[in-house]
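In what follows, a single structure is set out as structure tokens and then discussed.
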Amino acid sequence: MTTLEIISVHPTAVVDDGCSIGNGTRIWHFSHIMSDCVIGENCSIGQNVVVSPGVVLGRNVKVQNNVSIYTGVVCDDDVFLGPSMVFTNVINPRSAVVRKDQFRATYVGRGASIGANATIVCGNEIGPYAMIGAGAVVTKSVPAYALVIGNPARFAGWVSEYGHRLHFDADHRAICPESGQEYRLENDRVIRVH
Ligand SMILES: CC(C)(COP(=O)(O)OP(=O)(O)OC[C@H]1O[C@@H](n2cnc3c(N)ncnc32)[C@H](O)[C@@H]1OP(=O)(O)O)[C@@H](O)C(=O)NCCC(=O)NCCS
């Protein structure tokens, strides 16, 4: 049985048994939510999206068109998955060798954004509020608030929770120009202080 609360599922979308989908979530045309997924409140699942068995999405996760979220992926609240970005879950796939018991997990932290057409190689963690540039190929874990771009993805700076570049002063402090939130850089880690 699937637990559907007050959600909107387009008639062309399919939701398999065993899913739990939170209030306010919308699932658009031609998308397929496979068995036993847990999807939080107020998510948007775009067009032509596949969510594989057992995937967990937090609240307010925005999934743009043409994304496949494979088994082993967990996305925390407020994650943004850009159009046609790609997850993976087998590191050395072979059609003739079954590796369903070797899926590597991918965790995407709260508030992180993944740009259009980016690829996330499995077994890595995307830290909270990290920003993955369009077309990047992520082969290593990404720290919280880090911006990475390119193939392979390389560190290109720090960004705020509102998605702006953070420029740290001599006291290792930076202010987000939009929110006014203040950040500190300590031992190569960014912490929000206000
Ligand atoms: C990575 C990103 C956040 C950087 O934005 P920004 O801080 O405004 O960066 P700039 O445009 O000033 O670019 C800085 C440099 O990085 C390069 N660059 C920017 N984005 C890049 C990317 N995705 N991949 C490779 N290089 C990139 C620029 O060419 C520029 O290089 P240069 O200094 O040699 O001229 C942005 O370009 C991006 O990719 N956003 C994701 C967009 C997206 O996928 N949205 C999905 C929803 S529609």
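Readers should treat all values here as calculations from the given coordinates under stated rules, not as data from a laboratory. Remember, predicted model here, so these are calculated numbers, not experimental data. Cβ: placed from backbone, ideal geometry, glycine included. Neighbour counts: every protein chain shown.
The single condition among (1) within 17 Å of VAL67 (Cβ to Cβ); (2) touching a strand residue (DSSP E or B) at 6+ places or on another chain (Cβ under 7 Å); (3) within 16 Å of the ligand (Cβ to nearest atom); (4) of a type outside the set (Val, Ile, Thr) that ALA134 does not satisfy is (2).
Taking the criterion of being out of contact with any Pro (no Cβ under 7 Å at 6 or more places or on another chain), farther than 14 Å from CYS75 by Cβ and not hydrophobic (A, V, I, L, M, F, W, C), the residues of segment 15-45 that qualify are ASP16, ASP17, GLY18, SER20, ASN23, GLY24, ARG26, HIS29, SER31, HIS32.
Every residue, every condition in (1) within 13 Å of the ligand (Cβ to nearest atom); (2) free of Cβ contacts under 8 Å to residues at least 60 places away in the same chain; (3) crowded, with 17+ Cβ neighbours inside 10 Å; (4) within 13 Å of ALA130 (Cβ to Cβ), yes or no:
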site: PHE87; (1), (2), (3), (4): no, yes, yes, no
site: ASN92; (1), (2), (3), (4): no, yes, no, no
site: ARG99; (1), (2), (3), (4): no, yes, no, no
site: GLY109; (1), (2), (3), (4): no, yes, yes, yes
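If you check VAL108, VAL98, VAL38, VAL50 for being under 24 Å from PRO143 (Cβ atoms) and aliphatic (A, V, I, L, M), only one passes: VAL108.
In this structure, is ALA118 small (Gly, Ala, Ser) and surrounded by fewer than 20 Cβ atoms within 10 Å (Cβ to Cβ)?
Numbers: small (Gly, Ala, Ser): yes; surrounded by fewer than 20 Cβ atoms within 10 Å (Cβ to Cβ): no.
For ALA118, the condition - small (Gly, Ala, Ser) and surrounded by fewer than 20 Cβ atoms within 10 Å (Cβ to Cβ) - is not met.
Within segment 137-155, being within 18 Å of GLY111 (Cα to Cα) and within 8 Å of the ligand (Cβ to nearest atom) holds for LEU147, ILE149.
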